[in-house]
Amino acid sequence: MRKVLLSFIGNNDCYLSEGKDGAIISILKKRPFDALYILFNKESYLEHAYEIRDYCKRYFPRLEVNFEPSVTLDPIDYNLVYPAMYNAISHIKGKEKDKNPVYTVSVTSGTPTMHSCWVLLKQGGMIDAELIQSSREQGISEISFHLDDFPMIDAMASCKVELSRMSRENTVLRHMVEYEFEDFIGICDSIQSVKNQIYTVAKYDLPVHISGESGTGKEIVARNIHRQSIRKLKPFIPVNCGSISENLFESEFFGHKRGSFTGAISDHPGYFLDADGGTLFLDEIADLPLSMQTKLLRVLEEGEITPVGGRTRKVNVRLLTASNKNLREKVFEGKFREDLFYRIVNYEIALPPLRTRGTDILMLAVHFVTLFNNQHHTRKTISPQAEKTILAQPWRGNVRELRNVMNIACINCRNDVIKPEDIECKSIGNEPDIIISIPDGGIDLEKDILPLYYRAALNKAKGNAAQAARLLGLAPHTFRARLKTLGIK
């Protein structure tokens, strides 16, 4: 029989790095299990869940450790907690390899609402499990109820229970759609800073520009801002500016009336009218030609649009923009209007590249594998060796590339464990980006930097100055003169 422990991770489990075991580790030290499912209700717990997993790899090498989301916006709201836990248990039961595992549930970690829901789920027949609690004073003890004290939910009532659950689940799913964008995956300092910026700026109805490399999640940030704003019940309209033809700009953005030009067989509202009252998100705005920038600026200044062949009308939108190019450089180069720049960049959020986010990379990889498992009814996990391979990549395509790579890895994986050979990263073998840091006091290029290249060239040429000069693209006599000036032999 496969013995499986289920437990939420709670605050008392977050001090393992300080030598404090917490409830989960205390139970594992006293009882043997084949598998552990750590449930978490917010992503900030994942950092500590990884610490528990690493500890288990060292001290309980045969234990299989899994993470299971049970996300709720309010961990003490029964209407949110119960369906989230119901879904988590359903997913766990679907993943379990053994047909008849022996479940044990620790109710020590988590909120009192979660404790009560464990009891309801057991007594309602959702999971046949032993409920236990752990304390320093009494150790591990079983929680039991006599039927007279807590009657089992009978089959006659099960339909009502299911309908009630589904009604509550509809509510929580609506909230979880928001949660996906409110708290996107990541706990590193730079992502926490982005989350704080989103929280700060969302409530103010002003333009925001989101910068960052391609694939870092700029649209997710934009949706997040919209969903936390006063416009959240109104439309969010995303537009990729790079895909808009200059000839169709006015029609696409401002709309047109039927018969206003050849091919206009019906009225078309345009992006601004579609977003009226809500948020218009213009991605890759740096790709707009100057002529289109002029027309956009006029609308932003006047708050009015004129459909092709129609009459001028007022529109009310909040503008969010994004680009993977440096708009300030574009302004300096004369490729982006300075007045439009100041109109759209009231507040700027800069997204970090994935390669700088440390263990967030693994958190995202696990998340994408979980999504694949849910979609294809598989049970893929990532081996420790594959984790090292994932962390070693430069991820120039950022989160988008990581997601594609993990999907392919799941397909390549012939069993349930993803190995390094399953990972096909297009950037494998590429040299990492060169990061140049200049000290506050500055540097002397001639004395501090160039001698390093001169010596490297001499070493490669085995002391042959003429050959070293050719490696550096210099005339031999020029190279020898510089060596003499710098005192390099």
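The values are calculated or read from the model by the stated rules, or taken from the named source; none is laboratory data. Bear in mind that the values here come from a model prediction, so they are computed numbers and not experimental data. FYI the Cβ positions are ideal-geometry reconstructions off the backbone, even for glycines, and counts take in every protein chain you see.
Candidates are the residues of the stretch 118-140 that are more than 28 Å from GLY94 (Cα to Cα) and surrounded by fewer than 11 Cβ atoms within 10 Å (Cβ to Cβ); the one that is nearest to the chain's Cα centre (by Cα) is ARG136.
Can GLN375 be described as free of Cβ contacts under 8 Å to residues at least 24 places away in the same chain, of a type outside the set (Lys, Arg) and more than 20 Å from VAL221 (Cα to Cα)? Judged against the criteria, GLN375 is a match. Just a yes or no: is a residue in the stretch 278-285 touching a Lys or Arg at 6+ places or on another chain (Cβ under 6 Å) and not hydrophobic (A, V, I, L, M, F, W, C)? Scanning the stretch 278-285, I find at least one residue that is touching a Lys or Arg at 6+ places or on another chain (Cβ under 6 Å) and not hydrophobic (A, V, I, L, M, F, W, C), so the answer is yes. Out of ALA457, ALA466, ALA475, one residue alone is in contact with a helix residue (DSSP H, G or I) (Cβ under 8 Å, 6 or more places away or on another chain) and surrounded by 15 or more Cβ atoms within 10 Å (Cβ to Cβ). It is ALA457. In the stretch 102-111, what residues are surrounded by fewer than 18 Cβ atoms within 10 Å (Cβ to Cβ) and either over 24 Å from ILE25 (Cβ atoms) or at pLDDT 90 or above (or both)? Residue satisfying the conditions is VAL102 alone. All conditions but one from (1) surrounded by fewer than 19 Cβ atoms within 10 Å (Cβ to Cβ); (2) touching a helix residue (DSSP H, G or I) at 6+ places or on another chain (Cβ under 8 Å) apply to ALA23; the one that does not is (1).
Just one of (1) closer than 22 Å to ILE230 by Cβ; (2) of a type outside the set (A, V, I, L, M); (3) buried (at least 16 other Cβ atoms within 10 Å of the Cβ) fails for GLY303. It is (3). Close Cβ contacts (under 7 Å, 6 or more residues apart or on different chains) running from residues in the stretch 99-119 that are free of Cβ contacts under 8 Å to residues at least 24 places away in the same chain to residues that are in a loop (DSSP other than H, G, I, E, B) and not small (Gly, Ala, Ser) comprise HIS115/VAL107. The residues in the stretch 234-259 that are surrounded by fewer than 17 Cβ atoms within 10 Å (Cβ to Cβ), under 29 Å from LEU290 (Cβ atoms) and more than 32 Å from the chain's Cα centre (by Cα) can be counted, and the count is 4. When the stretch 413-438 is limited to residues that are within 19 Å of LEU364 (Cα to Cα) and loosely packed, with under 14 Cβ neighbours inside 10 Å, the one that is modelled with the lowest pLDDT turns out to be ILE428. Among the residues of the stretch 230-237, are any more than 15 Å from LEU280 (Cβ to Cβ) and of a type in the set (D, E, K, R)? No, the stretch 230-237 contains no residue that is more than 15 Å from LEU280 (Cβ to Cβ) and of a type in the set (D, E, K, R).
Filter the stretch 23-52 for residues that are farther than 18 Å from GLU64 by Cβ and at pLDDT below 90 and give the result.
So in the stretch 23-52, the residues farther than 18 Å from GLU64 by Cβ come out as 23, 26, 30, 41-45, 47-48.
The answer is ASN41, LYS42, GLU43, SER44, TYR45, GLU47, HIS48.
Residue check, ARG231 against (1) under 27 Å from ASN316 (Cα atoms); (2) under 12 Å from the mean Cα position of the chain (by Cα); (3) of a type outside the set (A, V, I, L, M), all met but one. Which one? The single condition ARG231 does not satisfy is (2).
If you go through the stretch 214-225 one residue at a time, how many are touching a helix residue (DSSP H, G or I) at 6+ places or on another chain (Cβ under 8 Å) and either closer than 22 Å to PHE272 by Cβ or buried (at least 18 other Cβ atoms within 10 Å of the Cβ) (or both)?
First pass over the stretch 214-225, keeping only residues touching a helix residue (DSSP H, G or I) at 6+ places or on another chain (Cβ under 8 Å): 214-217, 220-221, 223-225.
Still in the list and also either closer than 22 Å to PHE272 by Cβ or buried (at least 18 other Cβ atoms within 10 Å of the Cβ) (or both): 215-217, 221, 223-225.
Going through the stretch 214-225 one residue at a time, the tally reaches 7.
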